[in-house]
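Colleague: Here's a structure for you.
We did not get these values from a lab; they are worked out from the coordinates using the rules stated. Everything quoted here is computed from the prediction, not taken from an experiment. Cβ placement follows ideal geometry from the backbone for every residue including glycine, while neighbour counts extend to all protein chains displayed.
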Amino acid sequence: MAEELIEEERVSMDEEGALQSGEAEEVAEDAAETLEDAPDEMIAAQGAGGGGGGNADINTESFNELVTTADGIEEAQKAWALLISAAGSKDAVGEALYSAIYEAAPSLRYLFVTPRAVQAMRMFVNVNIMLNSLNNPSDLKNHVEALGFWHMSFDVTVPRCIVFRDAILDLFVAELGSKLTSLAATALSGLLNYVAGAIVYCKLNFATRLRILNESWAIANDKGEGTKGGMATMDKAEKEAKADEEAKSAASQKGAKDGEDSGKKGDGNSMVQNVPTTYKEMFQFNAAVMGYGTSLWMNEVLAQFDAIVENVANAARLQEEASILVLRIAKLTSAKVNLAEYKSCMLASLRSLLPKDWTTEHEVAWVWLFENVEKLMLVTMGKTQGWLKALEDVYATFDEASKYQLRADFYVKFFADCPVGEGYFKQSNTYLHIIAAKVMDAVVAIYIDPVAVVDMISGVGLRHVGYAIPVELFPPLVTVWIDRWRGIGASETSNEAFSWALGLVAKMQTRTIIEGTTVVMKAINANSAQTLNRSLSYAPRGERAQWLLLITAGTQEISPFFWSIQSGAVDASSAILADLVTIRADRDRYYYAAQDLFVRHRDVVKLLLDDAPVLLPQLLDGLIWRSRMTVNGYRRVNYYIRDLLVNGEGKFHKNVEWITRSEDPKIVIHPVLVLLALGVEPCCVSVLHVQKVVVPFHPVCILDQSINLEKYRHFGCYTHRHICVQGNDLFVQHD
């Protein structure tokens, strides 16, 4: 109610100002709309009253260098120095900037997802760089372009930029008062207008470059539509690999028979086949030719480059990948690396792979991408080794008592600042300290072995998905950790190292949880079959199996079906299993995911026997299809038992052995297992071997398979089933 009154008062104030300027009709139309219906219009009206000059001074049509007078530069830099002096520290200035922007527009608070301490320091650093670069327009443009690239994934509009601009200007006015000269205010306003226009311009004009990058990268790596084939691609890959082996074997046999001439021809074919066809192969080839074979750091860039290109439109993820790449290079060498060498080799490789498609637009797009990545890397490149040493020095001074006290202080502060978080830390006090100790270890470990830590964080993040941990807890958690760390009196370098590393870990953890939190996982956490079925109604028929069997986040993956069983969500597990074994048709195409289930979980029978035996009959029922049509009193029945009987290597599966060890007489008389006993000789003894009782029916199987007359075959089958199977069942139950 209070927020509604504030908004009404704000609208009325805007109406008065507009009426005075002769815009009564426009204000009347705006006042008829609520804040939710037209947030940008309301924000623009709110910001127009500041000292920034409104929309007219924000240029979104072009992006050139900003030229400021020498006096304006000097006054603006003096005002910035006075603001730092008045606040007392850089951290305080960053906090003041954050608070000013955060409080200026409550409707934009959902955009603040980064931990407060990390974001505040980031704001200070960016403003500091821009003000100190006013006398160097080229450097300022490069930095602002990188900033626009960072905001590519956000919905940046001119009205929102006005709110940010006016909030910063109001902070200068409030803190400096009469010390803020008109010349300084003009220079600051011009800089902020320039940054706002550049960010909007980048978002509006870089869409074409992103499309070129995605299309050319797919061609360079031979990524066709087949990469989206879901779980079916696993089986397809196995078939293709087997076909390749058979083709190679046939070719070698043919070459041996054809003699010397054929052998020469085969050598020529092998040379043709060794021509690089993917970006990785072509890059390695060009690196060796261009004399970069000894630059081992290039292999680290090459390993990370696919993730960089795939996430070019996601500024936060791109920053994350660039930070990891810096750590990987720093682990390999402490010497300065020339990133331009990789760029030249990259362009040469792409030109070779796309000779017909390559244009000047491709050249511009790829150079633009690499230069932006380079800018992101140069922010921290060369600093991480010193940060690691500073952290190790501080850690060396800790004893067990001081570590324990630091962890205890963290939890006290965190539970006080974020009471909701206490409901998710339900473990014992000892386990809580173990969790906090792992966080402290991860901060140092990410400098030492970034690849291993990324894998670890991905796995932990997916477990957090299963526990339904909200990502909103991470910003206050990181803020409290940084606050407690600064409280120990460590050096400024170690504070910066701890804040940067913990912020990176938190970003990766948050991203993993967001990527892994699908509608299916939410339904599993609620253990609701109805919610699960409703969420699957949005899935295409060809992708339903992938939604239920595979979630990939970072470098790790998880199976929703497996997690539902492990977490005891029986209702959700039953709904998933029922969906997987349902046959669906789309005109002439049929979808049946039972094979995908056995491909993803080859031990699914053992999994169900150990953790959810009540679901095994449902799985076996799903391997049977019965026709609704009858002919002469009979109807067709299909048994899909191949994956139950044979494993991926073409050998007999252990499913029958696992079922035998379960010693469940109700399972072994299931029609699917009876069919196995009747038709597959090696399964006969195992199926009926329950509770140490074996009925001598093996000769019956042999006799059944040796009789050719149809009537005797039917007689043998029915005799075997009723006497051996059901008789043994009765015998076991009465034993």
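Colleague: If each residue's Cβ is checked for other Cβ atoms within 10 Å, how do THR359, THR479, THR181 rank with the fewest at the top?
Modeller: THR359, THR181, THR479
Colleague: What FRET efficiency, computed as 1/(1 + (r/R0)^6) with R0 = 30 Å and r the Cβ-Cβ distance, is obtained for GLU663 and SER567, rounded to the nearest 0.05?
Modeller: After rounding to 0.05, the efficiency reads 0.65.
Colleague: Pop out the ³J(HN,Hα) list for the range 655-671 in order, Karplus 6.51 cos²θ - 1.76 cosθ + 1.60 with θ = phi - 60°, rounded to Hz; leave Gly and Pro as x.
Modeller: Working through the residues one at a time gives 4, 5, 5, 5, 5, 4, 5, 5, 6, 10, x, 6, 6, 6, 9, 5, x Hz.
Colleague: Mind giving me the nanometre distance, one decimal, between the label points for ALA396 and ARG635, set 7 Å out from Cα along Cα→Cβ?
Modeller: Each label point is offset 7 Å from its Cα along the Cβ direction, giving 7.9 nm.
Colleague: Rounded to the nearest 0.05, what FRET efficiency is calculated for VAL412 and TYR467 with R0 set to 25 Å and r the Cβ-Cβ distance?
Modeller: The value I calculate is 0.60.
Colleague: Separate question: Explain nothing, just compute: Karplus ³J(HN,Hα) = 6.51 cos²θ - 1.76 cosθ + 1.60, θ = phi - 60°, for every residue of the range 301-312 in order, whole Hz, x for Gly and Pro.
Modeller: 5, 4, 5, 9, 5, 4, 5, 5, 5, 5, 10, 5
Colleague: For LEU378 and ILE624, what is the calculated FRET efficiency with R₀ set at 56 Å and r taken between the beta-carbons, to the nearest 0.05?
Modeller: Numbers: r = 63 Å, r/R0 = 1.12.
With R0 = 56 Å, the Cβ-Cβ based efficiency is 0.35.
Colleague: Please turn the phi angles of the range 534-549 into ³J(HN,Hα) values with the Karplus equation 6.51 cos²θ - 1.76 cosθ + 1.60 (θ = phi - 60°), one per residue in order, whole Hz, x for glycine and proline.
Modeller: These are the phi-based 3J(HN,Hα) values: 5, 5, 6, 5, 8, 8, x, 4, x, 10, 4, 5, 5, 4, 8, 10 Hz.
Colleague: Between ASN142 and TYR590, what is 0.36 nm times their sequence separation minus the Cα-Cα distance? Round to one decimal in nm.
Modeller: Values: separation 448, 0.36 × 448 = 161.28 nm, distance 5.40 nm.
That works out to 155.9 nm of additional length.
Colleague: Could you work out how far apart the two model spin labels at GLN530 and GLN405 are, taking each label as a point 7 Å from the Cα in the direction of the beta carbon, and quote it in nm?
Modeller: 5.5 nm
Colleague: Still on this model: Return the Rg/Rh value of the range 518-640, two decimal places, where both radii are evaluated on C-alpha atoms and Rh is the Kirkwood radius.
Modeller: Over the Cα atoms of the range 518-640, Rg/Rh equals 1.00.
Colleague: For the range 604-655, count the residues as N, evaluate 2.2 N^0.38 Å, and divide the Cα radius of gyration by that value, please.
Modeller: Numbers: Rg = 14.3 Å, N = 52, 2.2 N^0.38 = 9.9 Å.
That ratio works out to 1.45.
Colleague: A further question follows. For the range 358-442, which trypsin sites (Lys or Arg not before Pro) are in a loop by DSSP, counting at most 10 other Cβ atoms within 10 Å?
Modeller: LYS426
Colleague: Further question on the same structure: Taking neighbour Cβ counts within 10 Å as the exposure measure, how do MET456, MET629, MET521 sort from fewest upward?
Modeller: Placing the least packed residue first, the sequence is MET629, MET456, MET521.
Colleague: Label VAL125 and LYS389 with points 7 Å out from Cα along Cα→Cβ: what is the distance between them in nm?
Modeller: In this crude spin-label approximation the distance works out to 2.0 nm.
Colleague: Based on the Cα gyration tensor of the range 384-516, what are the three equivalent ellipsoid semi-axes, each the root of five times an eigenvalue, rounded to whole Å and given largest first?
Modeller: The three semi-axes for the range 384-516 are 23, 19, 13 Å.
Colleague: Subtract the Cα-Cα distance of ALA335 and ASP306 from 0.36 nm times their separation in residues, and report this length gain in nm to one decimal. Show your work: numbers first, answer last.
Modeller: Details: separation 29, 0.36 × 29 = 10.44 nm, distance 2.46 nm.
Full extension from ALA335 to ASP306 adds 8.0 nm.
Colleague: Next question. Within 10 Å of each candidate Cβ there may be at most 11 other Cβ atoms; applying that plus a DSSP loop requirement, which trypsin sites (Lys or Arg not before Pro) in the range 632-664 survive?
Modeller: When the trypsin sites (Lys or Arg not before Pro) of the range 632-664 are filtered for loop state and at most 11 Cβ neighbours within 10 Å, ARG635, ARG636, LYS651 remain.
Colleague: Residues in the range 545-559 near a label at THR518, defined as backbone nitrogen under 12 Å from the 7 Å Cα→Cβ point?
Modeller: Output list for this probe position: 545-553, 557-559.
Colleague: Right, next: Show me the ranking of peptides 443-450, 611-618, 416-423 by mean Cβ neighbours inside 10 Å, starting with the highest.
Modeller: Put in order of decreasing packing, that is 443-450, 611-618, 416-423.
Colleague: Gain in length, ILE488 to LEU204, computed as 0.36 nm per residue apart minus the alpha-carbon separation, to one decimal in nm? Present the calculation step by step, with values, prior to reporting the outcome.
Modeller: Values: separation 284, 0.36 × 284 = 102.24 nm, distance 4.62 nm.
Gain on stretching ILE488 to LEU204: 97.6 nm.
Colleague: If you don't mind, another one. Please list 65-76, 545-556 highest first by mean number of surrounding beta-carbon atoms within 10 Å per residue.
Modeller: 545-556, 65-76
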